[in-house]
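Bear in mind these aren't lab numbers, they're just calculated from the coordinates by the rules spelled out. Because the structure is predicted, anything quoted here is derived from the model rather than measured. Note that we place each Cβ from the backbone using ideal geometry, even for glycine, and neighbour counts take in every protein chain shown.
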Amino acid sequence: MHELSLMQNVLQTVELSAEQHHICRINKVKLVIGQLTMALPDSLLFAFEALKPGTIFANASLVVEEQKARCQCRRCRQEFELDEFYGLVCPQCGNIDIQVQGGDEMYVDFYEGE
Amino acid sequence: MKVKLESRLLGANELIAHNNRNMFSSRGILVINLMSSPGSGKTTILECTIQELVKQIKIGVIEGDLYTDQDARRIEQQGVEVVQINTEGTCHLDAQMICHAYQKLDASKPQLLFIENVGNLVCPAEFDLGEDLRVVVISTAEGNDKVTKYPLVFRRADVVLVNKTDLLPYTDFDVEKVKNDIGLINPSASIFLVSGRTGEGMEAWICWLLQQSKNKLLSMNGTSYLQMAEGRK
Ligand SMILES: Nc1nc2c(ncn2[C@@H]2O[C@H](COP(=O)(O)OP(=O)(O)OP(=O)(O)O)[C@@H](O)[C@H]2O)c(=O)[nH]1
Ligand SMILES: [Mg+2]
Ligand SMILES: [Zn+2]
């Protein structure tokens with residue numbers, strides 16, 4: 001799937017920034033991945049492990065935080081989280097007009113290195 | 001040392017997609033991104049659609065395919081300009097590929113640009129190309145559960161085309177269930193039932209599409225719309 005190209009993107013971004021900060025070894029990279037995206041944390045970890053040998057990431061660990069979508073019913077204003085994404089239905093009143101906030105983010109939160 | 005980045009993984013793609021969108025808008029081009037699983041009927045629907053529209057409107061097509069140019073050849077037979085993108089194993093198109101490919105079409109001044117994405121319901125959903133409409137094809141032969149199994153692509157769809165309706169009698173596909181599932185995650189999506197084999201239902205989809213293209217032209221300023229309409233005669 002596309003996790004490999006996403007991860008190449010991540011490494012490039014971090015490498016560029018590390019260069020500017022005169023960092024030549026990365027210890028940790030943290031990603032935030034929304035629940036509604038199609039990127040699988042396990043595949044991201046796999047891609048990271050596959051790409052890191054021989055680079056400044058050789059000894060780095062990857063942490064992936066999954067971000068839940070926050071939902072609010074436009075009728076009764078009930079706020080809720082999606083446990084499993086199969087349909088946007090208000091658990092309180094059954095309304096399907098739901099405002100969704102977040103859950104589709106994908107970003108590098110921070111990295112650590114020296 | 002800890003460095004806070006907060007840089008978006010697809011930030012680069014989103015930037016290029018944004019530029020594509022502005023460039024297409026400035027030319028009044030309506031851009032359609034066609035997505036589906038392999039074999040749902042994207043190319044067949046394109047063939048039917050182009051056949052109807054080719055006399056009324058200038059059409060360009062970008063064909064995404066892993067390795068071959070078979071679909072591009074099929075489309076070429078319809079007498080429209082086609083550019084092939086071979087992704088060489090990458091499972092989706094991205095905005096940069098579209099930007100490149102379109103340069104080869106610009107001279108032919110299309111008003112309607114179709115992009116056939118790589119057959120895959122997962123990855124293409126994540127990549128904005130700068131399109132106006134995301135059209136997802138689902139066929140009656142692939143089972144009832146696609147909407148709930150691949151919610152992202154359906155959540156972001158503007159149109160869902162349910163294809164191969166001629167096969168309905170031979171499958172357990174439940175049109176009402178699928179409509180309902182789409183309604184739950186994406187109530188504003190337009191749904192059309194079509195058959196690329198018999199042509200049934202194509203008229204409604206094509207009329208709708210033509211209207212969208214007119215709206216797009218009208219959203220530019222009035223004079224340039226008139227100039228373009230004149231230019232096509
Ligand atoms: N019975 C029936 N067959 C169809 C219909 N539409 C397409 N097909 C057939 O389904 C097969 C796949 O159609 P394509 O149009 O090539 O599908 P596609 O989505 O472009 O496939 P990829 O580009 O490989 O992802 C072909 O053999 C078509 O003839 C339809 O409405 N009914
Ligand atoms: Mg095709
Ligand atoms: Zn409610």
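Determine the alpha carbon to alpha carbon distance for each of A:52/B:149; A:28/B:2; A:30/B:4 and list only those over 20 Å. Present the calculation step by step, with values, prior to reporting the outcome.
Numbers: A:52/B:149 32 Å; A:28/B:2 9 Å; A:30/B:4 10 Å.
In this structure, A:52/B:149 lie more than 20 Å apart at Cα.
Taking only Cα atoms, what is the 0 to 90° angle, nearest 10, from helix A:41-51's long axis to the longest principal axis of chain A?
Approximately 10 degrees, to the nearest ten.
Only counting other Cβ atoms within 10 Å, I'd like B:192, A:46 sorted with the fewest neighbours first.
Values: B:192 20, A:46 14.
Ranked by crowding around the Cβ, least crowded first: A:46, B:192.
Given springs between every Cα pair under 10 Å in a Gaussian network model of chain B, which of B:12, B:95, B:72 has the largest fluctuation?
For chain B, modelled as a Gaussian network with Cα springs under 10 Å, the answer is B:12.
Within 10 Å of each Cβ in peptide B:123-133, how many partner chain Cβ atoms are there on average? Round it to a whole number, please. Before the final figure, lay out each step's value.
On the way: counts 7, 2, 2, 8, 2, 0, 0, 0, 0, 0, 0.
Mean shielding count: 2.
Which of the pairs B:58/B:104; B:58/B:164; B:146/B:216; B:55/B:214; B:55/B:164; B:55/B:109 have their Cα atoms more than 24 Å apart in this structure?
Numbers: B:58/B:104 15 Å; B:58/B:164 27 Å; B:146/B:216 31 Å; B:55/B:214 15 Å; B:55/B:164 26 Å; B:55/B:109 15 Å.
Long pairs (Cα-Cα over 24 Å): B:58/B:164; B:146/B:216; B:55/B:164.
Using just the C-alpha positions of region A:1-76 as equal point scatterers, what log10 of I(q)/I(0) does the Debye formula give at each q in 0.14 1/Å?
Computed log10 I(q)/I(0) values: -0.50.
Provide a whole-number value for the mean count of partner chain Cβ atoms within 10 Å of the Cβ atoms in peptide B:6-14. It would help to have the intermediate numbers written out before the result.
Numbers: counts 6, 9, 6, 16, 7, 5, 3, 2, 0.
That works out to 6 on average.
Under 10 Å, Cα contacts only: if you run a Gaussian network model on chain B, which one of B:57, B:75, B:85 comes out with the highest mean-square fluctuation?
Most flexible of the set in this elastic network: B:57.
Which FRET efficiency, nearest 0.05, do residue B:109 and residue B:191 yield, Cβ-Cβ r, R0 30 Å? Display every interim value, and only then the final one.
On the way: r = 32 Å, r/R0 = 1.06.
After rounding to 0.05, the efficiency reads 0.40.
Can you tell me, using C-alpha contacts under 8 Å and at least 6 residues apart, the relative contact order of chain B as a whole percent? Display every interim value, and only then the final one.
Values: 409 pairs, mean separation 55.1, N = 233.
With pairs under 8 Å counted, the relative contact order is 24 percent.
Give me A:79, B:14 sorted ascending by neighbouring Cβ count inside 10 Å, so fewest comes first.
Numbers: A:79 12, B:14 15.
Lowest count first: A:79, B:14.
For residue B:177, give me every one of the aspartates and glutamates with a C-alpha distance below 12 angstrom, ignoring sequence neighbours fewer than eight places off in its own chain.
B:145
Quick one: Kirkwood hydrodynamic radius for the protein assembly as shown, alpha-carbon pairs, angstrom, one decimal? Numbers along the way, then the final one.
Working: mean 1/r = 0.0457 Å⁻¹.
Final number for the Kirkwood radius of the protein assembly as shown is 21.9 Å.
Among A:63, A:103, A:31, whose Cα lies farthest out toward the positive end of the dipole of chain A, if unit charges sit on the beta carbon of Lys, Arg (+1) and Asp, Glu (-1)?
Of A:63, A:103, A:31, it is A:103.
To the nearest 20 debye, what charge dipole does region A:22-99 have about its Cα centre, counting +1 at the Cβ of each Lys and Arg and -1 at the Cβ of each Asp and Glu? Let's see the in-between values first.
On the way: 9 positive and 9 negative charges, 70 e Å.
About 340 debye.
So how do B:105, B:5, B:113 line up by other beta-carbon neighbours within 10 Å, fewest first?
Numbers: B:105 19, B:5 16, B:113 25.
Fewest to most other Cβ atoms nearby, the residues stand as B:5, B:105, B:113.
With just the Cα atoms defining each centre, how far is region B:1-59 from region A:42-78? Give it in Å.
Centre-to-centre (Cα) distance: 26 Å.
What per residue convex hull volume, in Å³, comes out for chain B when only alpha-carbon positions are used? Present the calculation step by step, with values, prior to reporting the outcome.
Details: hull volume 34.4 nm³, N = 233.
For chain B, the hull spanned by Cα atoms encloses 147 Å³ per residue.
Antiparallel DSSP bridges in the protein assembly as shown: what percent, to the nearest 5?
On the way: 19 of 56 bridges.
Here the antiparallel bridges make up roughly 35 percent for the protein assembly as shown.
Please list, in chain and number order, the residues 5+ apart from residue B:83 or on another chain whose amide H is under 5 Å from its amide H, with Hs placed from the backbone.
Placed amide hydrogens put B:61, B:62, B:63 under 5 Å from residue B:83.
Please report, in debye to the nearest 20, how large the charge dipole of chain B is about its Cα centre when each Lys and Arg carries +1 at its beta carbon and each Asp and Glu carries -1 there. Spell out each step's value before the answer.
Numbers: 25 positive and 29 negative charges, 139 e Å.
So the dipole magnitude of chain B works out to roughly 660 debye.
Work out the charge dipole of region B:28-231 with +1 on the Cβ of Lys and Arg and -1 on the Cβ of Asp and Glu about the Cα centre, then indicate which of B:67, B:137, B:220 is farthest towards its positive end.
Working it through, the farthest residue towards the positive pole turns out to be B:220.
Calculate the all-directions average of the projected area of region B:106-207's alpha-carbon convex hull, and give it in nm².
The number I arrive at for region B:106-207 is 7.3 nm².
What is the packing order of peptides B:197-205, B:48-56, taking the mean over residues of other C-beta atoms within 10 Å and listing the highest first? Walk me through the numbers before you get to the answer.
On the way: B:197-205: 14.9, B:48-56: 16.4.
Descending mean neighbour count gives B:48-56, B:197-205.
Taking Cα atoms, how many degrees apart are the long axis of helix A:3-20 and the longest axis of chain A, rounded to 10 and kept between 0 and 90?
Helix A:3-20 and the main axis of chain A meet at about 60 degrees.
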